[in-house]
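Data first, discussion second: the structure below is written as structure tokens.
The numbers here are math on the coordinates, done by the rules we state, and not lab data. Just so we're clear, the structure is a prediction, and the values are computed from it rather than from any experiment. Cβ placement follows ideal geometry from the backbone for every residue including glycine, while neighbour counts extend to all protein chains displayed.
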Amino acid sequence: MKYNELQIAPNKNKKRVGRGIAAGQGKTAGRGTKGQGSRTGKKLRATFMGGQRSLVTAVPKHRGFKSLRTPAQVVYLDHLNIFKGKTADNFTLFEEGLVATPFHTIKVIARGELTEKVNLKIQGASKSVQEAITKAGGTFEKVPTPLKKSAKEAEKADK
């Protein structure tokens, strides 16, 4: 007989405790003798420590919350002047050292002036930046954040 050929019932009947000594779970019914845990109506919260000040109340609380969203990487408008007539995207900004990683959201914020024509393909830019880019003769296109390639995909791309 193999393990996968065993004929078993899908549901096990609930154990009936406290039905006499001969039944196997008689007298104390698996609750032990005396004490708070053996009494009926036992509803103790998981953090209860026998009346001693619990760890939950002893540990100080931190107010507020911590956002799990990673903030956008900021690039300033005057930094884009190094891309004279070229296309700037996450990877070219990363190669120039303007952002820490190309795989996070990037947003361009107005500071300084844009004197060169730039075609921008990133995740976000303020309205004033979009106006400055079009005024300089460039274009702005909103694109999704690029995802990291897995090791297998990277090998395929290299071939």
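At a glance:
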{"read-out": "Neighbour-limited loop hits for chymotrypsin sites (Phe, Trp or Tyr not before Pro), segment 70-159 (at most 16 other Cβ within 10 Å; DSSP other than H, G, I, E, B)", "value": "103"}
{"read-out": "DSSP loop GluC sites (Glu not before Pro) with at most 16 other Cβ within 10 Å excluded, longest remaining stretch of the chain", "value": "1-95"}
{"read-out": "Part-to-part distance (alpha-carbon centres) for segment 133-148 and segment 8-51, which is given in Å", "value": "66 Å"}
{"read-out": "Neighbourhood charge, 10 Å Cβ-Cβ cut-off, centred on residue 92 and excluding it, Lys, Arg +1 and Asp, Glu -1", "value": "-1"}
{"read-out": "The chain, helix-only ellipticity at 222 nm - DSSP H runs n ≥ 4, -39,500 (n - 2.57), divided by all residues, nearest 500", "value": "-4000 deg cm²/dmol"}
{"read-out": "Residue with peak Gaussian network fluctuation, the chain [Cα springs, cutoff 10 Å], from 72, 132, 22", "value": "22"}
{"read-out": "Spatial extent of segment 73-142: Rg and Dmax, with the Cα atoms as the point set, Å", "value": "10.4, 29"}
{"read-out": "Kirkwood-type radius of the chain, with distances r between different C-alpha atoms, in Å", "value": "23.1 Å"}
{"read-out": "Neighbour-count order for 108, 99, fewest beta carbons within 10 angstrom listed first", "value": "99, 108"}
{"read-out": "Net charge dipole size for segment 1-138 [Lys, Arg +1 and Asp, Glu -1 on Cβ; Debye, nearest 20]", "value": "2160 debye"}
